[in-house]
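Visitor: Okay, handing you the structure first.
What follows draws every value from the coordinates through simple rules; no lab data is involved. Keep in mind that this is a model prediction, so the values were computed, not measured. For neighbour counting, all protein chains shown are included, and Cβ atoms are generated from backbone atoms with ideal geometry for every residue, glycine included.
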Amino acid sequence: MINALPTAVARGPNLSKDRIKKRYAAEARYKFYGLAAISVAILFLAILLVTIVGKGYSAFVQTAIAIDVNLDKSLIDSDNKGDVETLTQADYRAVVRASLRNLFPAGVTRGQERDYFSVFSESAQYDVQKLVLNNPSLIGTTQRIWVKSAPDIDMLRKGYVGAADDGSQRLNLTQKAFYDKLVADGRVRTQFNTTFFTAADSREAEQAGVLGAIMGTFMTLAVTLILVLPIGIAAAVYLEEFAPKNRWTDLIEVNINNLAAVPSIVFGLLGVAVLLQWFGMPRSAPIAGGVVLALLVLPTIIIAGRSALKAVPPSIREAALGVGASRLQTIGHHVLPLAMPGILTGTIIGMAHALGESAPLLMIGMVAFVVDVPTSLTHASTVLPVQIFLWADAPERAFEERTSAAIMVLLVFLIMMNLVAILLRKKFERRW
Amino acid sequence: MNNFILIATVLASTALAYHYGRRRALGVVGGKPRDLHSLPGYHGAYMALWCLLPAAIFVAIWIAIEPTVVRQIIAGSLVQAQPGLTGNALDLAVNEIHSLSINAFAYSSASAEKKALVARYQELQGIGTAAMATIALVLVAAGLFYGSKSIAPRMRARQAVERVIMWTMVGCATIAILTTIGIIMSLLFEAMRFFQFVSPIDFLFGLQWSPQIAMRSDQVGSSGAFGAVPVFAGTLLITAISMAVAVPIGLMSAIYMAEYSSKKFRSWAKPLLEILAGVPTVVYGFFAALTVAPFVRDTGHAIGLNVASESALAAGLVMGIMIIPFVSSLSDDVINAVPQSLRDGAYAMGATKSETIRQVIIPAAFPGIVGSIMLAVSRAIGETMIVVMAAGMAANLTANPFAAVTTVTVQIVTLLIGDQEFDSPKTLAAFALGLVLFVVTLILNIIALTVVRRYREQYD
C-alpha cells in the first residue's frame, strides 16, 4: 500500500539554494587559496633570482682607464742589467705614478694628487710589470695601456653611487670632475671583467675573483666524490641485496635515515672534534672539507642507491642465479650496471647539495682569507659558498655586486649538475 | 713524495699480481679454465688482495701509531733537559718542536737546543717513514709469495675473494653508524669538558648569555655567562616565524597540487617549488641580509615601528620560504596516499571538493602532515647560514619579532670561527649547544619518521 506522496510543503524562501551558493563560494575561495599559495612561493623564487641577477650582472664588466705609461729606463733598469730579477723588482708604482701625473691638471696640491691617484686601481703597477716582463724591449718607450679603475669609480660609472664633498659619498667632486675629464678624453671604457674569473680573493674589490674559490670547491668535491661513490655504492648494495633482516641492519637503516636529517652544522662540529683535533688534519684544507662533506652526503647517496637497486626487477637476479652465477656475480654483472644510472643521478644530486653547503666548512676553518689559487689538498683554501659568505660581509658596494655575481656562478654550476642528472635519468630511465 | 712512491709501488705490484695470478692459474691447468674451480680472474684478484691488504692494513696502523711514539721519544728527551716539565706544558713544548719542524721561518730564529731537538724529531720521522716503507714492501713480497704458492686447480679463489668483498661492503655500511657514534661521542666528550666549567643547570636554565671571555682575568666581565635560555628562545622565535610562513603556504600548495591542479600544471609547479629547496642557504642568507632585512626595517619605520636591522622577522621570513618545499612535498605525498575510496565516499554524500579535503582528507592525512611539519621544524632549527648572515649576535630574551635575536646555530658558528682553544669554556660551549641541537633535532626526526612510516603502513 502506497501512501500518497507528501506534497511539497511551502517552505518559504529556498534556503538550500543559498547554502549551495555559499558552499560553492567557499569551494572557489579554497581553490584560490591553494593557487595563491603556489603563486606566492614561485613569486618568492622569482624575486630571489631577479634580485641576485639584477645586483650581480654588472660585476661581469669593469671600468678601465687608458693611461700612457712612460717606461722610463732610469726608473726600471737604471743599471742596464736587463735580467729578470731587476725587471721584476723594479719600482713600477713610481713608474705608474710618474705617468699618471701627466694626466692631472697643472698645479695640483698634494691633497688633490692623492684624490686623483685613488681614481686608479693599485693593480696598475702589476699590469705594467707584466707588460715589461713580457717584452723588455719596450723599456724607454711610452705605451698606452688600459688599467682598472678604483672600485669607487667603477660604482660611479655603473650608477650605484654619486659624488659629494660633504663626506656622504666615498668620492668627492674633484675626483668626479677628473673622471668626467677622462671620459671626455675618451680614456674610459667598460671591459669584460676577466679578473673576476682569473684571480683569487683580494681585499681590493677590483682585484678579487672567484677562481681560488672555484679551485677550492673543485678539490673539496673531488675528495668527497672519491670517498662517497665507492662507499655509498658498497653500503647500498650490502643493505639492499645481502643484509639479513635483523636488529643490526634495522639499526643501520634507522640510523641512515636519521643521519640524513641531522643539521649540517653538527657535521662541522664532528669535523672540528674528530678530523682536526684527533687526526690532526690541516685546518681550512680541502681534504678535511671533503671528508666532512662526504659524511654529510653519504646517507643521501645510500638512500638513492638503494632505491635504484630496488627498481631492478627480481627476474634479472633470478635469471643470473639460474645460470649459475654467484650472488656477487649477479649483483656485479647484472644488477649494478642496470641500477648505475639511478645511483649516478642520486650521486650528482648529492654532490650538488654538497656544493651549496657552507656551514660545516665554516666550522673547520675554510673561511680563511686566501689570496692564492690553492694547488694542493692540504693548502688553506675556501669554497664558493663560503667565498659568498665572506664577500657578503664586506662593507664596500663593489663587493655587493661581486657577491651576487659569485652567487650567479654558483647557481650556474648547480643548474648544470642538476641538468646532467635530469638528462641521465631521461636517457637511461627504464620502465620494467 | 716518498709516500707517493710507496703507494705507487704497492699499487703497481698489485696490478702485476693480478696478471701474474691469472696467468699462473691458467698455467697450472695447462690453459684449460674449465679444470679450475674458480675463473682465472678470481685467482688474479686473490693474489692481488694478498699483495695489497696486509701492506695497506700495516701502513694504516703504522700511520696511526707513529706520531704518538715519536712524540713520546721527544717528550722523553725534553723531560731529561727540563725535569719539571709535565702535563700541558710538556704537550705544548712537543707541539712547538713539531711546528718548528714544518715552519722554516720560525726554525731559523729558534734556539740551539730547540734546533737539536727539531733535528732529532725529523730524524725520528725519517727513520719511521723508512721503516714503514721497508716493512710494507716486505709484506707485499710475502703476500705475493704466499698467494702464488696457494694457486691450485681446486683452490676456492672465488669464495675467498667474495668473502673479502662482502666484509668490505659490511664495513662501508657501518660507516654510517660510525659517523653517528662519532658525532655523539665528540659532542658528549667536549660538552662534558664544558660542564666542568659551567654546571648543566646554569647552562640549560640560565637567563644570561655572554660568552665573551676577557683575555686577562682582571678585566670586567671576565667570567662570561653561559645561560642558554635566550639563545633557545631566539631559535624558537625564528623557527616559529618561519613555520608561520612555511606551513600555510606549503600545506595549501600541497593540497592544491594533490587535489585540484591538472597534471600539466603539477609537472611544472612541483619542480619549481623544489628549486626553492635546492638554492644554497648562503644565497638565502645574502638575500635576507641585503634585501629582506632592509625592506622589513624600512616598512616598519614607515608605519612607526621600531625594527632592528637584523630583525628576527627578516631571518624567519626567508627561512620560511626555504622550508616551503619541505612541507609541501612531504604533505603532497601523504595526501596522495589517502585512499581514493575515502574521497569517493565523501563526494557520494554530496560534499564539495573543499569540504572533502577539510573534513575527510586532512583528518585522514593528519599524522603524516604533522610528521612533515616536524621534519620542517627540525630543518629550521638546524639551519645555519640564513641566521648567521641575517640574524643578530646579541642574545636578547624577547618574543618581539622586530627585535634582533640570536640562535643556537649562530652561536656555534661565532664561538668556533677564529682561534680555537680547546681548553676555554667559550669554545667548548659550542659543543654543548651542538649537543642540545643534535638531541632536539634527533628527537623530532625520530618521532616524525616513525609517525610518517606508521601512517604509510596504515593505508598500504
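Visitor: Taking the range A:58-132, which trypsin sites (Lys or Arg not before Pro) meet the DSSP loop condition and have no more than 16 other C-beta atoms within 10 Å?
Guide: Sparse-neighbourhood loop trypsin sites (Lys or Arg not before Pro): A:Lys81.
Visitor: Within the range B:257-357, which trypsin sites (Lys or Arg not before Pro) sit in a loop by DSSP and count at most 10 neighbouring Cβ atoms inside 10 Å?
Guide: Hits after loop and neighbour filter: nothing returned.
Visitor: Find out how many positive minus negative residues lie around B:Ala131, taking Lys and Arg as positive, Asp and Glu as negative, among other residues whose Cβ is under 14 Å from that of B:Ala131.
Guide: Local charge sum for B:Ala131: -2.
Visitor: For labels at B:Arg453 and A:Ser39 in the simple 7 Å Cα→Cβ model, what's the distance in nm?
Guide: Calculated label separation equals 4.2 nm.
Visitor: Further, regarding this structure: Relative contact order for the range A:211-428 using alpha-carbon pairs under 8 Å, separation at least 6, rounded to a whole percent?
Guide: 31 percent
Visitor: If you don't mind, another one. So how much slack lies between A:Ala177 and A:Glu396, counting 0.36 nm per residue of separation and subtracting their Cα-Cα distance, in nm?
Guide: Once the chain is fully extended between A:Ala177 and A:Glu396, it gains 76.6 nm.
Visitor: Same structure again: Which FRET efficiency value, to the nearest 0.05, do you get for A:Ala106 and B:Thr398 by plugging their Cβ-Cβ distance into 1/(1 + (r/R0)^6) with R0 = 41 Å?
Guide: 0.10
Visitor: What is the gain in length, in nm to one decimal, between A:Lys130 and A:Arg114 on full extension, counting 0.36 nm per residue of separation less the C-alpha to C-alpha distance?
Guide: Residue separation times 0.36 nm, minus the Cα-Cα distance, leaves 3.3 nm.
Visitor: Given the options A:Ile407, A:Ile145, A:Ile364, which has the most mean-square fluctuation in a GNM of chain A, springs set between C-alpha atoms less than 10 angstrom apart?
Guide: Top of the fluctuation ranking is A:Ile145.
Visitor: Here is a further query. Give, in nm to one decimal, the length gained when the segment between A:Val420 and A:Trp278 is fully stretched (0.36 nm per residue of separation minus the Cα-Cα distance).
Guide: 47.3 nm
Visitor: Further question on the same structure: Using only Cα atoms, find the angle between the long axis of helix A:286-310 and the longest principal axis of chain A, and express it within 0 to 90 degrees, rounded to the nearest 10.
Guide: 30 degrees
Visitor: Further, regarding this structure: Take peptide B:179-191, look around each residue's Cβ out to 10 angstrom, count Cβ atoms belonging to other protein chains, and average those counts.
Guide: For this peptide, the per-residue mean of nearby foreign Cβ atoms is 5.
Visitor: Taking chain B, how many lysine pairs are there with alpha carbons less than 30 Å apart, if each pair must be eight or more places apart or span two chains?
Guide: 4
Visitor: List every DSSP H helix in chain B whose Cα atoms extend 15 Å or more along the helix's own long axis and whose mean Kyte-Doolittle hydropathy is at least 1.6.
Guide: B:229-255
Visitor: Something else: Please give every one of the lysines within straight-line cross-link reach of A:Lys181, meaning a C-alpha to C-alpha distance under 27 Å, and leave out same-chain neighbours fewer than 8 residues apart.
Guide: Of all the lysines, those that pass the test against A:Lys181 - Cα under 27 Å, at least 8 places apart if same chain - are A:Lys148, A:Lys158.
Visitor: Shifting gears a bit: I need the trypsin sites (Lys or Arg not before Pro) found in the range B:148-200, filtered to DSSP loop residues with at most 10 other beta carbons within 10 Å of theirs.
Guide: When the trypsin sites (Lys or Arg not before Pro) of the range B:148-200 are filtered for loop state and at most 10 Cβ neighbours within 10 Å, B:Arg154 remain.
Visitor: Can you tell me the orientation of helix A:124-134 relative to chain A, as the angle in degrees between its alpha-carbon axis and the longest Cα principal axis, to the nearest 10?
Guide: It is inclined by approximately 80 degrees.
Visitor: Okay, moving on. Assuming a ≥ b ≥ c are the square roots of the Cα gyration tensor eigenvalues, decide whether chain A counts as rounded (a/c under 1.5), prolate (otherwise, with a/b larger than b/c) or oblate.
Guide: In terms of gyration-tensor shape, oblate.
Visitor: How crowded by other chains is B:271-281, given as the mean number of beta carbons from other chains within 10 Å of each beta carbon?
Guide: Taking the mean over all residues of the peptide, I get 6.
Visitor: How would chain B be classified by its alpha-carbon gyration tensor: rounded, prolate or oblate, with rounded meaning a/c under 1.5 and the a/b versus b/c comparison settling the rest?
Guide: Verdict is oblate for chain B.
Visitor: Okay, moving on. Could you calculate the FRET efficiency of B:Arg163 with B:Ile61 from 1/(1 + (r/R0)^6), where r is the beta carbon distance between them and R0 is 30 Å, rounded to 0.05?
Guide: Given R0 = 30 Å and the Cβ-Cβ separation, E is 0.90.
Visitor: For B:Asp344, A:Asp201, what's the fewest-to-most ordering of other Cβ within 10 Å of each Cβ?
Guide: With the fewest neighbours first, B:Asp344, A:Asp201 line up as B:Asp344, A:Asp201.
Visitor: Mind jotting down the distance between the C-alpha centroids of the range A:139-196 and the range A:262-314, whole Å?
Guide: Cα centroid of the range A:262-314 versus Cα centroid of the range A:139-196: 47 Å apart.
Visitor: Continuing with this model, one more query. To the nearest 0.05, what FRET efficiency results for A:Thr141 and A:Ser78 with a Förster distance of 22 Å applied to their C-beta separation?
Guide: In this case the efficiency is close to 0.85.
Visitor: Quick one: grab the alpha carbon gyration tensor of the protein assembly as shown, order the square roots of its eigenvalues as a ≥ b ≥ c, and give me rounded if a/c is under 1.5, else prolate or oblate depending on whether a/b is larger than b/c.
Guide: Judged from the Cα gyration tensor, the protein assembly as shown comes out oblate (a/c at least 1.5, b/c at or above a/b).
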